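What follows is a set of notes on a single structure, which appears directly below.
The values are calculated or read from the model by the stated rules, or taken from the named source; none is laboratory data. Keep in mind that this is a model prediction, so the values were computed, not measured. Here Cβ is always computed from backbone atoms with ideal geometry, including for glycine, and neighbour counts include all displayed protein chains. Side chains included, ligands, DNA and RNA excluded: accessible areas come from the protein's heavy atoms. Shrake-Rupley method; radii C 1.70, N 1.55, O 1.52, S 1.80 Å.
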Amino acid sequence: MGNGSITNNLSENDYTDWLEETIDSINDGILVIDVHGVVQFVNTEYTNITGVHPDTIVGKPLKDVRKGAVLPKALRDGKRREGIYRREGQTEYVIDTAPVYKNEEIIGAVSVCKSLNEVHYLTKELKKSKEQLLRLENTVGHMYRTRYTFDDIVGKDNGLKTPVETAKKAAYSELNILIQGESGTGKELFAQAIHSEGPRSKFPFIPINCAAIPAELLESELFGYEEGSFTSSKKGGKVGLFELSNYGTLFLDEIGDLPIELQAKLLRVLQEGRIRKVGGLEEEEVDVQVITATNKDLGKLVEKQRFREDLYYRLNGVAINISPLRDRKEDIQLFIDILMEDAGSPEIPHVNLTKEASQTLTQYDWPGNTRELFNAIHYALSMREGNCIEPCHLPELVRKHGSITEFDNPQSLKEIVKYTEQKIIKQSIKKYGDSLEGKKKTAKKLGISLATLYNKIGE
Ligand SMILES: Nc1ncnc2c1ncn2[C@@H]1O[C@H](COP(=O)(O)OP(=O)(O)OP(=O)(O)O)[C@@H](O)[C@H]1O
Ligand SMILES: [Mg+2]
């Protein structure tokens, strides 16, 4: 104020009135004393806050009418003070005090007070909002917390050594990760382990199955929409999964089923790191690591022009290939051992497999991979009598195909021959490939015509 200057054409009286009105309209309480400590002025807000009426204090020494007032100290020591707590009945407030100088001499002092009720109210509101935010964070975090880490992966020192090592490095990179493997090989398990391992683990892991959501909804699921962007849109719009997984991981499962028109949009987002909501004009930055998985051969889909080549390369920053369980026979035994150990109870501490049952399990092809193996063992554990699992306790499918000597009655030669034939054809097709070329080679190798081969596959 000391350096403030006002030019006006008002008379001294008018000017004083004008100044009083101005001070009166300030939203903080103001009290002014002169050099003798006598109250000269209080504004309306001061009365509102403290409940002290001007008539009871103006013209009187402040120290007499307001016991313990600190403002007179400013006259003596010329110091400014801030944040002094005061209470008047139910009202709490804080005051700042300052001396008023003219020509380097103290001519009075001013105190400015703010009600704490409003501060309290705002603090309470803030606390409420914070609690709500925490609850939301917990819910979201709970919903999207990963369950698995690399410690949960069985076979990481065996058949899965390479994919696990690659996945661990990928967890610390900013690259997109493509996980390929047959159904039930543990693709989602890997995706979760990668998220839990890396620096994104404190943020959400959001899985979405691209095959399970209708194409027309998928775009707004991924990117969200603005309010009013279509007739059934929700008030306030919708937050997309990209935004929800910000700083975390977005797991796009069954990426091979992503509709071609969305493939272009996904590519743009990955290239630019920005999303635009459906019906929105502005773009928003997102920082998300994208992990995709598929049990289809994505390379082949690219060849058939059902998957964009540019997107394929973008997603395939790091490729993790999980081989099928039948190619990891030693892992089958590991799983069996672990599941058997887990099955032990105080009454029956050790559950055992007979040699025949163990052979059947290792010989079986496991088209459903680990998931199917888990189910088969759990089935056998429920069917067993005592502490021993025999082939007859295994699911029929496993029993039939895992051993050529295990057939339901009647166990005819015809049945055995048919089964053996199928097994050899399957192995051969696996070796030469499922293409027409591969099938021609298989037929040639087995000394049958292509038509016969097709007949037998169709059988
Ligand atoms: N190596 C492993 N160690 C421990 N558990 C495993 C392993 N591989 C798979 N599993 C378990 O097998 C089940 C199937 O795994 P998951 O769902 O990850 O497979 P998936 O490849 O995503 O299958 P789908 O293609 O059908 O979606 C899960 O219960 C998973 O925990
Ligand atoms: Mg899966």
I332: passes all of (1) in a loop (DSSP other than H, G, I, E, B); (2) open to solvent by less than 20 Å² (accessible area, probe 1.4 Å) but (1)
From L281, L244, L298, grab the single residue that is within 16 Å of ligand 2 (Cβ to nearest atom) and either at pLDDT below 95 or farther than 24 Å from K187 by Cα (or both).
L298
Within the range 143-165, can you find the residues that are within 16 Å of ligand 2 (Cβ to nearest atom), assigned to a helix (DSSP H, G or I) and either within 19 Å of L339 (Cβ to Cβ) or more than 27 Å from the chain's Cα centre (by Cα) (or both)?
D152
Determine whether the range 223-233 contains at least one residue that is within 16 Å of ligand 1 (Cβ to nearest atom), in the same structural domain as L175 (by TED's automatic domain parsing) and not in a loop (DSSP other than H, G, I, E, B).
no
Can you name the number of the only condition in (1) within 16 Å of ligand 2 (Cβ to nearest atom); (2) open to solvent by 20 Å² or more (accessible area, probe 1.4 Å) that I255 fails?
(2)
Could you count how many residues in the range 258-272 are assigned to a loop (DSSP other than H, G, I, E, B), of a type in the set (A, V, I, L, M) and away from ligand 2 (no atom under 16 Å from the Cβ)?
0
Go through (1) more than 13 Å from ligand 1 (Cβ to nearest atom); (2) over 18 Å from the mean Cα position of the chain (by Cα) one by one and return the number of the condition E174 breaks.
(2)
Counting only residues that are open to solvent by 10 Å² or more (accessible area, probe 1.4 Å) and within 16 Å of ligand 2 (Cβ to nearest atom), how many does the range 209-224 have?
4
Members of the range 210-244 that are farther than 15 Å from L258 by Cβ and either hydrophobic (A, V, I, L, M, F, W, C) or in contact (Cβ under 8 Å) with a residue 60 or more places away in the chain (or both):
F230, V239, L244
Taking the range 157-181 and keeping only residues that are within 25 Å of L258 (Cα to Cα), open to solvent by 10 Å² or more (accessible area, probe 1.4 Å) and in contact with a strand residue (DSSP E or B) (Cβ under 6 Å, 6 or more places away or on another chain), one is left with P163, L175, N176, Q180
When the residues of the range 229-252 are narrowed to those that are open to solvent by 30 Å² or more (accessible area, probe 1.4 Å) and of a type in the set (A, V, I, L, M, F, W, C), which ends up nearest to F203 (Cα to Cα)?
L244
Identify all residues within the range 78-104 that are loosely packed, with under 10 Cβ neighbours inside 10 Å and under 18 Å from D34 (Cβ atoms); write none if there are none.
N103, E104
Looking only at the range 8-39, which residues are under 26 Å from E88 (Cα atoms), open to solvent by 50 Å² or more (accessible area, probe 1.4 Å) and among the small types (G, A, S)?
S25
Looking at the range 417-427, is at least one residue surrounded by 12 or more Cβ atoms within 10 Å (Cβ to Cβ) and among the aliphatic types (A, V, I, L, M)?
yes
Test result for G184, at pLDDT below 85 and open to solvent by less than 30 Å² (accessible area, probe 1.4 Å):
no
Verdict on L189 being open to solvent by 30 Å² or more (accessible area, probe 1.4 Å), at pLDDT 95 or above, outside any strand (DSSP E or B) and farther than 20 Å from F374 by Cα:
no
Test Q289 against the criterion of being at pLDDT 90 or above, polar (S, T, N, Q) and surrounded by fewer than 17 Cβ atoms within 10 Å (Cβ to Cβ), and give yes or no.
no
With respect to I275, is the statement that it is assigned by TED's automatic domain parsing to the domain that holds F205, within 15 Å of ligand 2 (Cβ to nearest atom) and open to solvent by less than 10 Å² (accessible area, probe 1.4 Å) true?
no
Say we look at the range 297-329 and pick out the residues that are surrounded by fewer than 16 Cβ atoms within 10 Å (Cβ to Cβ) and either in a loop (DSSP other than H, G, I, E, B) or on the phi > 0 side of the Ramachandran plot (or both); which of these is nearest to ligand 1 (Cβ to nearest atom)?
D297
